[in-house]
1. State the number of residues belonging to region 130-140 that are surrounded by 15 or more Cβ atoms within 10 Å (Cβ to Cβ) and outside any loop (DSSP other than H, G, I, E, B).
2. Within region 104-128, which residues are open to solvent by 70 Å² or more (accessible area, probe 1.4 Å) and part of a loop (DSSP other than H, G, I, E, B)?
3. Among the candidates PRO187, PRO194, which residue alone is open to solvent by 40 Å² or more (accessible area, probe 1.4 Å), at pLDDT below 95 and within 17 Å of GLN91 (Cβ to Cβ)?
4. Which pairs do you get when a residue that is of a type in the set (D, E, K, R), found in region 62-76, comes within reach of a residue that is open to solvent by less than 40 Å² (accessible area, probe 1.4 Å), reach meaning Cβ atoms under 8 angstrom, with the pair 6+ apart or on two chains?
5. Just checking, how many residues over region 68-95 are surrounded by 15 or more Cβ atoms within 10 Å (Cβ to Cβ) and of a type in the set (Gly, Ala, Ser)?
6. For the condition farther than 24 Å from ALA54 by Cβ, open to solvent by 70 Å² or more (accessible area, probe 1.4 Å) and either touching a residue at least 24 places away in the same chain (Cβ under 8 Å) or touching a Phe, Trp or Tyr at 6+ places or on another chain (Cβ under 6 Å) (or both), what is the one hit in MET174, MET150?
Amino acid sequence: MGERSDVVRNRARLVAAAEDVFRELGAAAPLDQVATRAGVGRATLYRHFPDRAALVAAVYSHRVSTLAARAATLPPATRLVHLVLDITELQLDTPGLLTVLRTATDGTARLTEIGGRARALLGSALAAAQSHGSVREDVTLEDVLLTFAMVEGVIALEPPQAAARAVRRTVELMLRALLTEDAATAPRHAPPPP
């Protein structure tokens, strides 16, 4: 038997509210703000998400689902580039969320599950791009993932007012390294992140 519709609706409202609150106030934002934004009480918030890490994991899980749905609508040859651009914009948009999971008691387990889904999505996009000749044959999934690790480092080191520019330059350089010569010189328009 499935969950009641009000339970599902409240959970979805909490995740959407958390995205907004974390974007506006940072990863350490008071969770009461999330409950208020979602229009539910604290008890409802904590019934769904007993701690900050659980809520952040739900945000990440929702992001992966959204990225997967979006990826299905994109041309296979450029799907990987769009995913890289979208993910790095999300990293820039809400810095600190990954740290919440990394430092949580059960954060590693949560990251493993969500990371596995993200890796599968990126691996599929990489294979499609390589079969269409837009990504070099010697590029591995680990090379693609290195882009996101580099972005995390840039965000951590740069002052907030300089981070966006530095991240975009980092991604530009990484894409030049990953793409074939023809694909690297083709005009790229970053779509808005999901």
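1. Applying the first criterion (surrounded by 15 or more Cβ atoms within 10 Å (Cβ to Cβ)) to region 130-140 yields 130, 132, 134-136, 139.
Applying the additional criterion that residues be outside any loop (DSSP other than H, G, I, E, B) yields 130, 135.
The qualifying residues number 2.
2. THR105
3. Working: PRO187 fails: within 17 Å of GLN91 (Cβ to Cβ).
Sole residue among the options that is open to solvent by 40 Å² or more (accessible area, probe 1.4 Å), at pLDDT below 95 and within 17 Å of GLN91 (Cβ to Cβ): PRO194.
4. ARG63/LEU90; ARG70/HIS82; ARG70/ASP86
5. Residues that pass the stated criteria total 3.
6. Values: MET174 fails: open to solvent by 70 Å² or more (accessible area, probe 1.4 Å).
Result of the check over MET174, MET150: MET150.
The values are calculated or read from the model by the stated rules, or taken from the named source; none is laboratory data. The structure presented is a predicted model; accordingly, all values stated were derived computationally and were not measured. Cβ: placed from backbone, ideal geometry, glycine included. Neighbour counts: every protein chain shown. Just the protein is used for accessible areas: all its heavy atoms, side chains included, with ligands, DNA and RNA removed. Shrake-Rupley method; radii C 1.70, N 1.55, O 1.52, S 1.80 Å.
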